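J.: Here you go, one structure.
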Amino acid sequence: MKKIYTILFLFALSTTLCVAQNKDTKKADDLYKRLQYTDAAQAYQKLLKKGKGSRYVFEQLGNSYYNINDTKKAETYYKRVVKGKKVNSETVYNYAQALKANGKFSDYNTYMKQFAAAAPNDSRAVEFMKNPNYVPKLMEKRAKFSATNMKDINTEYSEFGGIMVGNDFYFSSARNTTRKTYGWNEEPYLDIYKAENVGGTIKNADLLDSKDINTKYHEGNIAITNDGKRMYFDRNDYYRGKYDKSEDGINQINLYYADWVGGKWQDVHSVSFNSDEYSTGHPALSPDGNTLYFVSDMPGGKGMSDIYKVSVNKDGSLGTPKRLGDNINTEGKEVFPYVDANGDLYFASNGHMGLGGLDVFYAAAKGDSFGNPKNMGLGINSSDDDFAFIYNPNTQEGFVSSNRTGGKGSDDIYTTKQLEPLCEVEMIVQVVDEYTKNPIAGARVDLYDKLGNKLSTKTSGADGTVTFIAECEKEHEVQAVMQNYESNAINVEMASDITLNKTINLRPIEEIIQDDKVVLNPIYFAYDKSNITPKAAFELDKLVALMKKYPNMVIKAESHTDSRNTPEYNSALSNRRAQSTVQYVISQGIDKNRISGEGYGESRPVNNCGDNCSEAQHKLNRRSEFIIIKR
């Protein structure tokens with residue numbers, strides 16, 4: 001999608017463009033300056049065939065292919081550049097992004113570290129160095145949304161940016177072959193189209209019937225007020241028949257608005273902060289319609305494009321634009337904002353940590369601002385460009401645009417359906433020796449819900465840590481198991497959209513030997529049951545670990561009940577529980593001659609309280625004991 005959002009947002013040219021130009025590269029450079037990257041790449045290729053290749057030519061080829069999202073070719077040519085000296089940091093960053101898009105995550109990490117060394121204060125570098133292995137973590141998360149290609153809308157050309165207004169579906173498309181083609185990607189100029197919802201299917205797309213809106217140049221994204229009376233949209237800097245350019249000869253993108261009059265969109269006006277020298281576009285409205293969000297590369301921004309907001313006055317005029325905070329905007333590109341009915345912000349970015357070129361992020365409303373953005377994860381995002389996300393929190397449905405593999409055209413629109421809550425809790429759990437506090441590598445760490453269902457299993461790394469992603473507002477249990485250590489578990493409290501750091505201390509396995517017994521936490525059985533529960537297995541695994549460490553050890557398992565039934569019944573029940581315990585230990589690899597079991601029913605109570613026992617006293621009487629017969 002790089003071609004689309006740059007068509008709609010003509011950003012600054014490569015910083016290398018004026019460094020090594022010469023008469024040989026002039027033709028290719030002129031095409032590049034006019035953003036005709038496909039033609040520029042062909043012109044630079046001709047120079048290579050003539051033996052006139054240079055670092056500058058290779059870099060321009062990399063840039064050209066990167067800008068039209070051909071990451072495989074971009075990687076090929078960037079590779080010839082980044083191994084040299086005094087490489088532009090943005091070129092290194094682009095190369096890293098191409099590697100990531102091509103699935104080469106290890107190489108991506110290497111060059112992101114090189115980028116961070118060259119630009120240590122860049123927010124993209126700072127965020128990466130905080131979490132350099134974030135890509136595998138994102139990839140292992142379950143998709144929170146499904147995405148289905150809108151085959152009745154998409155064509156072989158670009159379609160993107162759909163929004164629903166009543167029963168109408170507005171989107172942008174390059175399908176109008178009566179338009180001249182644009183040199184960037186050799187597709188026709190973009191127009192705004194409208195389709196309709198027919199029995200739950202969006203189809204019957206037609207060119208928006210308004211000569212005031214669609215022109216011979218690009219028209220892209222739109223936002224419509226709740227009352228349906230005003231439309232904001234972006235197009236090339238073409239207003240009242242005048243096609244303007246910047247001092248550098250670039251035709252920018254500007255914001256406009258039109259009113260619904262007489263059953264048509266007409267009476268187009270340019271917003272007050274438009275300019276020939278920078279772009280403004282990608283409009284979005286707050287739920288109450290009092291704030292307009294948009295994207296611009298105007299002076300004073302942080303990155304290549306930033307998200308701004310401006311108040312909408314009661315008379316329809318606009319106030320003074322204000323840039324959103326540095327937690328939202330980066331040195332990269334933030335584009336395609338959208339604010340849902342709850343006031344939460346969604347946007348696309350290549351500056352925050354993502355899976356591909358552009359990823360979609362969301363930031364929860366926080367008073368007059370927004371919280372820190374979070375990646376929307378798989379389903380919405382892919383290894384390609386994903387953008388223009390629209391979401392209805394009431395139906396939990398929406399739209400996303402993408403050039404991901406398997407689409408009909410260069411960019412397609414997908415319907416989305418939420419599968420899981422966006423809110424999640426990151427648990428970083430470290431396993432350490434209880435006495436030395438040294439990290440324990442190689443421990444098995446299991447995540448359970450409070451119903452005893454195992455949700456995930458991981459192995460602790462060299463630093464003793466594992467990371468789990470869990471649901472918000474739910475309690476969990478984390479268990480750690482390691483050879484020669486006593487297993488341990490911790491409860492994790494309910495939390496919401498935060499990172500929790502937890503520690504599990506493991507004691508050497510010998511700690512569970514007390515005199516002539518192996519002392520475990522209570523082995524609980526369900527009422528009137530004798531099967532081994534997951535919690536019981538967790539405790540018995542400590543006994544198994546001890547017996548494996550000491551191969552001559554022989555154990556007798558004794559099972560006891562409370563007095564709430566007949567003595568005969570309790571004796572039989574305790575025998576069944578003792579034998580279940582024995583069978584579990586044998587199933588874990590312990591020789592059957594080293595473990596025996598016997599049930600004593602209610603005959604050996606800890607509390608001899610008879611029929612007057614409290615619930616706590618009954619619980620103490622229901623127990624398993626493990627007697628060391630031989631060491």
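The values are calculated or read from the model by the stated rules, or taken from the named source; none is laboratory data. The shown structure was predicted, so the numbers you read here are calculated from the model rather than taken from an experiment. Methodologically, a virtual Cβ is constructed for each residue, glycine included, from the backbone with ideal geometry; neighbour enumeration extends over all protein chains shown. Heavy atoms of the whole protein, side chains included, go into the accessibility calculation; ligands, DNA and RNA do not. Shrake-Rupley method; radii C 1.70, N 1.55, O 1.52, S 1.80 Å.
J.: Please find, among 44, 32, 56, 5, the residue that is at pLDDT below 85, buried (at least 17 other Cβ atoms within 10 Å of the Cβ) and either outside the structural domain of residue 246 (by the TED database) or over 34 Å from the mean Cα position of the chain (by Cα) (or both).
T.: On inspection, the qualifying residue turns out to be 5.
Listed here are the residues, each with its yes/no results for (1) among the charged types (D, E, K, R); (2) at pLDDT 90 or above; (3) in contact with a Cys (Cβ under 8 Å, 6 or more places away or on another chain); (4) open to solvent by less than 20 Å² (accessible area, probe 1.4 Å).
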residue: 173; (1), (2), (3), (4): no, yes, no, yes
residue: 179; (1), (2), (3), (4): yes, no, no, no
residue: 184; (1), (2), (3), (4): no, no, no, yes
residue: 188; (1), (2), (3), (4): no, no, no, yes
residue: 192; (1), (2), (3), (4): no, yes, no, yes
residue: 195; (1), (2), (3), (4): no, yes, no, yes
residue: 204; (1), (2), (3), (4): no, yes, no, no
residue: 207; (1), (2), (3), (4): no, yes, no, no
residue: 213; (1), (2), (3), (4): no, yes, no, yes
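J.: Condition first: touching a residue at least 40 places away in the same chain (Cβ under 8 Å) and open to solvent by 30 Å² or more (accessible area, probe 1.4 Å). Now tell me which residues in the stretch 424-437 satisfy that.
T.: 426, 428, 430, 434, 435
J.: Search the stretch 129-138 for residues being in a helix (DSSP H, G or I) and free of Cβ contacts under 8 Å to residues at least 40 places away in the same chain, and hand back the single one that is most open to solvent (accessible area, probe 1.4 Å).
T.: Result: 130.
Yes or no, residue by residue, for (1) open to solvent by less than 30 Å² (accessible area, probe 1.4 Å); (2) modelled with pLDDT of 90 or more:
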{"position": "376", "(1), (2)": "yes, yes"}
{"position": "404", "(1), (2)": "no, yes"}
{"position": "409", "(1), (2)": "yes, no"}
{"position": "412", "(1), (2)": "yes, yes"}
{"position": "422", "(1), (2)": "yes, no"}
{"position": "439", "(1), (2)": "no, yes"}
{"position": "463", "(1), (2)": "no, yes"}
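J.: I'd like to verify a number: residues in the stretch 75-128 that are hydrophobic (A, V, I, L, M, F, W, C), open to solvent by less than 40 Å² (accessible area, probe 1.4 Å) and in a helix (DSSP H, G or I), how many?
T.: 12
J.: Another question, then. Could you please find all residues in the stretch 441-452 being modelled with pLDDT under 95 and open to solvent by 50 Å² or more (accessible area, probe 1.4 Å)?
T.: 450, 451
J.: Would you pick out the residues in the stretch 347-374 that are of a type in the set (S, T, N, Q) and buried (at least 24 other Cβ atoms within 10 Å of the Cβ)?
T.: 349, 350
Results for (1) aliphatic (A, V, I, L, M); (2) part of a helix (DSSP H, G or I); (3) open to solvent by 30 Å² or more (accessible area, probe 1.4 Å), shown as yes or no for each residue.
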residue	(1), (2), (3)
538	no, yes, no
570	no, yes, no
573	yes, yes, no
584	no, yes, yes
590	yes, no, no
605	no, no, yes
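J.: Tell me the strands (runs of 3 or more DSSP E) entirely within the stretch 241-290 that contain at least 2 residues that are over 17 Å from residue 210 (Cα atoms) and in the same structural domain as residue 313 (by the TED database).
T.: Of the strands (runs of 3 or more DSSP E) lying wholly inside the stretch 241-290, those with at least 2 residues that are over 17 Å from residue 210 (Cα atoms) and in the same structural domain as residue 313 (by the TED database) span 253-261, 280-285.
J.: Do we have residue 141 as touching a residue at least 40 places away in the same chain (Cβ under 8 Å), open to solvent by 20 Å² or more (accessible area, probe 1.4 Å) and within 30 Å of the chain's Cα centre (by Cα) here?
T.: yes
J.: Residue 558 is checked against (1) over 27 Å from residue 444 (Cα atoms); (2) open to solvent by 70 Å² or more (accessible area, probe 1.4 Å); (3) not in a helix (DSSP H, G or I) and fails just one. What number does that condition carry?
T.: The one condition residue 558 does not meet is (2).
J.: Could you check residue 146 against (1) farther than 30 Å from residue 470 by Cα; (2) at pLDDT 95 or above and say which number it fails?
T.: With (1) farther than 30 Å from residue 470 by Cα; (2) at pLDDT 95 or above applied to residue 146, the lone miss is (1).
J.: Going through the stretch 229-240 one residue at a time, which ones are outside any loop (DSSP other than H, G, I, E, B) and within 18 Å of residue 163 (Cα to Cα)?
T.: Correct list: 230, 231, 232, 233, 234, 235.
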